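Worksheet: one structure, shown below.
The values are calculated or read from the model by the stated rules, or taken from the named source; none is laboratory data. Since we're looking at a predicted model, the values are computed, not measured. Cβ placement follows ideal geometry from the backbone for every residue including glycine, while neighbour counts extend to all protein chains displayed. Accessible surface is based on the protein model in full, side chains and every heavy atom, while ligands, DNA and RNA are left aside. Shrake-Rupley method; radii C 1.70, N 1.55, O 1.52, S 1.80 Å.
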Amino acid sequence: MMASGPGVDVGLFLQDTKRSCSLSSGIPELTRTEECFMGIDEAGRGPVLGPMVYGTCFCPVSRREEVSSLGFADSKTLTEESREALFETINGHPDLFGWKAEILSPNDISNSMLQRCKYNLNALSHDTAIGLIGKVLSDGVNVTEVYVDTVGVPEKYQSKLQERFPQLKITVSKKADSLFPIVSAASICAKVIRDACVKRWLFTERGLDLNGCELGSGYPADPTTKKWLQESLDPVFGYPTIARFSWSTCQDILDKKALEVKWPDDEVAESYGSAKISQFFEPKKPKNKKHRFFEERGLSTVSDF
């Protein structure tokens, strides 16, 4: 099923919101021949609901003044209508602008943060930005300058990116989305795409009638979001996949309201010395099929830590 917001089609993500996915515009021919600059920013780092979206926008360096005149600003300071209008402006200049976005699903974010070898949000953000730069270069865009809104210490982040892409001039800065219009454009792309994903989220969890309910902004302090979190918890299976179950907001409610679950082993291992020879000739008992909850979240049993 496809769904789209103003100027953006997020149907690919909505087909399977458990998995992260990539979206992109076409590549302007001019960006393959002229030197280009690109900005990178994210939307949805803090919310407990919905994906985090990393966006990039790029165009020729020769059009820098034109970019500055289009009214791009930090997406957080703009109204929803203004963001959508500016995103339409970007899409309305296919000969000038190109963009890409990585939609990181709540499920992938939480699984990354809770895995044995911790993969925190900063590392995930850095790797996503590196991936976006690599994809734009692989598409043949003649990028020479990159501007990034920082995650963590700007100097360390810039050094990391510069080491990975020594051929590029890279600037990492706090509030880059306010300082550099091309980063503002990337911020707008990311925010419009995230908003479309959350607004059109398709709840597929059985037994829950949540489509059309009010989610609020998705931020932990939002009263509407708090209300949704309190009312949408299944005491056995937890939250729908729109929730980042690794967030302390979710974990606190789970600790108070969810039932305690004891996890049985999928298989009971027998030591070789105590096994009877007749057991090797007995038909194997079929394994119990895993519940959909585990398949949706990519969870599997481990034998050791």
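Listed by chain and number, the aspartates and glutamates placed with their C-alpha closer than 19 angstrom to that of K175 are D41, E42, D74, E145, D149, E155; residues fewer than eight positions away on the same chain are left out. If a/c stays under 1.5 just call it rounded; otherwise compare a/b with b/c (prolate if a/b is bigger, oblate if not). Do that for segment 177-233, with a ≥ b ≥ c from the square roots of the Cα gyration tensor eigenvalues. Taking the square roots of the gyration eigenvalues as a ≥ b ≥ c, segment 177-233 is oblate.
Mind ordering 89-98, 55-64, 38-47, 68-77 by average Cβ neighbours within 10 Å, highest first?
38-47, 55-64, 89-98, 68-77
Based on the Stokes-Einstein relation at 10 °C and a viscosity of 1.306 mPa s, and on the Kirkwood radius from alpha carbon pairs, segment 99-169 is assigned a translational diffusion coefficient of 118 µm²/s. Please say if segment 12-64 is rounded, prolate or oblate, where rounded means a/c under 1.5 for a ≥ b ≥ c the square roots of the C-alpha gyration tensor eigenvalues, and otherwise the choice is prolate for a/b larger than b/c and oblate otherwise? Cα axes put segment 12-64 in the oblate bin.
The largest accessible area among L161, L202, L86 belongs to the first residue in L202, L86, L161, and the rest follow in falling order (1.4 Å probe, all chains).
Given R0 = 35 Å, the distance between the Cβ atoms of R64 and E155 translates into a calculated FRET efficiency of 0.90.
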